[in-house]
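Comments concern the structure below.
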Amino acid sequence: MKLTDEQKRMQNGEKGPACKLAMDILVALGEINGAECMIPIKSAHCAGLSLKSHGLAGTEWAEDLAKSGAKACVPTTMNVIGVDRSRDLRLPKEWTKNQLRIEDAYEQMGCYGTSTCVPYYLGFIPRFGEHLAWAESSAVVFTNSVLGARDNREGGPSALAAALAGCTPYYGMHIKENRLGDVLYKVSAKVKTLTDYGALGAYVGKRVGTKIPVFEGLTEPNTEDLVYLGAALASSGAVAMFHVIGVTPEAPSREAAMKPAPYDIVEITDKEIAEGYSQLTSATERKIDYVAIGCPHCSLRQLEEVAKLLIGRKVAPDVTLWVHTNAAIKEIAKQLGYVKIIEDAGGVVTQDLCTILGNPETFGFKNLATNSPKMAFYAPGSNGMNAWFGSVENCIDAAVSGYWRG
């Protein structure tokens, strides 16, 4: 690879051991992917920060790196962790202690302790065309697709390495020609709700793999709809980017969004949407012991919706309801009274963590109800729970009644 003099000095160890390690990682990644050079980045987002991901060995590695003087040289946010720093959720003490060690190590390296998968809700909003090194699949697909920034599906180590070095290899989604769509999905189905978009993403993601899907026929999706579409595409598949014709910035027309013909054209009817819903449902037992909402983390509007659904109602005594968000959104929701309504009803508004990367299974939960396509996809493997997937109305009804009636 062609490196600048500054990058060569980093790789030679002249900028310290942390920068050398970072450049070694980035050069190896670039060579594997055929990159000719490095490009500067504007920001980074580190993922894999849960104890589930790091383990004790990874925790010690992060602490050693911090002690060596490693410092992020671009604005760097942090993904969800496995505990709520604002309250005691009765998670195992060893789990909590070791999880907080990871958080401390990354903050010592200059990362912002945001602990969220939606840093763009907190003001970390990349501009169109900016090059990034963000990890966390739903964040990557959102920045590429909805914001028009340029980012590959980074892993936790490569995102941290890019944060320390200030650059990333030039390949993949950083190159304009690689951002054109591969498959056109003509949507005639009625896609109206957040979970409809999740079901669409799950259906397409499972079949499109790493290709770039282009959607025609989706009208006026809001931000949360696009977040959930992307999260489902990225979890059920390995999608780094999608286009919605007439909506997302690089798709003003079919011709602008697609690679030159011929390309596959797939019809999406109500049948395919129903298949997406079925694909995300792994439970058969209708008795519910756990309801979780907010993966990706809830926006303020989503918290408002949950609060309104819980007014005058109570969560069943044998059901746990967790609503996941980040510290900043939670604080605003407190001021607006949403948190009080939810918690007076018997729910818990968490910050910093999510079900997938947390450890709620320690309480013995077996049957989950969720409106999150990402959580429904991962929970069976990550948490050992069977999942019902459906609307937020269905989920709150399950929390109150103790049964899935969707």
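The values are calculated or read from the model by the stated rules, or taken from the named source; none is laboratory data. Just so we're clear, the structure is a prediction, and the values are computed from it rather than from any experiment. Here the Cβ positions follow ideal geometry from the backbone for every residue, glycine too, while neighbour counts run over all protein chains shown.
Structure summary
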| quantity | calculated |
| --- | --- |
| Residues of the stretch 170-205 classified as within 29 Å of residue 281 (Cβ to Cβ) and surrounded by fewer than 18 Cβ atoms within 10 Å (Cβ to Cβ), total | 6 |
| Condition broken by residue 84, with the remaining ones in (1) at pLDDT 95 or above; (2) touching a helix residue (DSSP H, G or I) at 6+ places or on another chain (Cβ under 8 Å); (3) crowded, with 17+ Cβ neighbours inside 10 Å satisfied | (2) |
| Search result, residues across the stretch 13-32 that are surrounded by fewer than 20 Cβ atoms within 10 Å (Cβ to Cβ) and either within 21 Å of residue 112 (Cβ to Cβ) or under 24 Å from the mean Cα position of the chain (by Cα) (or both) | 25 |
| Options 112, 106; residue that is among the aromatic types (Phe, Trp, Tyr), farther than 18 Å from residue 258 by Cα and either in contact (Cβ under 8 Å) with a residue 40 or more places away in the chain or surrounded by 24 or more Cβ atoms within 10 Å (Cβ to Cβ) (or both) | 106 |
| Residue match in the stretch 269-289 (condition: more than 25 Å from the chain's Cα centre (by Cα), assigned to a strand (DSSP E or B) and not aromatic (Phe, Trp, Tyr)) | yes |
| Which numbered condition residue 202 misses (of (1) in a helix (DSSP H, G or I); (2) aliphatic (A, V, I, L, M); (3) within 24 Å of residue 127 (Cα to Cα); (4) under 17 Å from the mean Cα position of the chain (by Cα)) | (3) |
| Filter pass, residue 336 being out of contact with any strand residue (DSSP E or B) (no Cβ under 7 Å at 6 or more places or on another chain) and either closer than 24 Å to residue 193 by Cα or assigned by TED's automatic domain parsing to the domain that holds residue 196 (or both) | no |
| Of all residues making up the stretch 285-327, the number that are among the charged types (D, E, K, R), in contact (Cβ under 8 Å) with a residue 40 or more places away in the chain and more than 18 Å from residue 198 (Cβ to Cβ) | 7 |
| Test: residue in the stretch 133-149 that is surrounded by fewer than 18 Cβ atoms within 10 Å (Cβ to Cβ), on the phi < 0 side of the Ramachandran plot and touching a Phe, Trp or Tyr at 6+ places or on another chain (Cβ under 8 Å) | no |
| Qualifying positions in the stretch 142-170 - more than 15 Å from the chain's Cα centre (by Cα) and either without any contact (Cβ under 8 Å) to a residue 12 or more places away in the chain or not in a helix (DSSP H, G or I) (or both) | 148, 149, 150, 166, 167, 168, 169, 170 |
| Candidate set from the stretch 91-102 (those that are surrounded by fewer than 21 Cβ atoms within 10 Å (Cβ to Cβ) and touching a residue at least 40 places away in the same chain (Cβ under 8 Å)); member that is nearest to residue 62 (Cα to Cα) | 101 |
| Scan of the stretch 202-234 for residues that are within 26 Å of residue 176 (Cβ to Cβ) and among the polar types (S, T, N, Q), ordered by number | 210, 223 |
| Exclusive hit being assigned to a helix (DSSP H, G or I) and on the phi < 0 side of the Ramachandran plot, set 265, 332 | 332 |
| Condition check for residue 53: within 22 Å of residue 139 (Cβ to Cβ) and modelled with pLDDT under 95 | yes |
| Single residue of 240, 231 found to be surrounded by 13 or more Cβ atoms within 10 Å (Cβ to Cβ), in a helix (DSSP H, G or I), under 24 Å from the mean Cα position of the chain (by Cα) and outside the structural domain of residue 376 (by TED's automatic domain parsing) | 231 |
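Quick grid of which residues meet (1) more than 24 Å from residue 237 (Cα to Cα); (2) buried (at least 24 other Cβ atoms within 10 Å of the Cβ); (3) aromatic (Phe, Trp, Tyr):
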position: 309; (1), (2), (3): yes, no, no
position: 314; (1), (2), (3): yes, no, no
position: 318; (1), (2), (3): yes, no, no
position: 344; (1), (2), (3): yes, no, no
position: 388; (1), (2), (3): no, yes, yes
position: 403; (1), (2), (3): yes, no, yes
position: 406; (1), (2), (3): yes, no, no
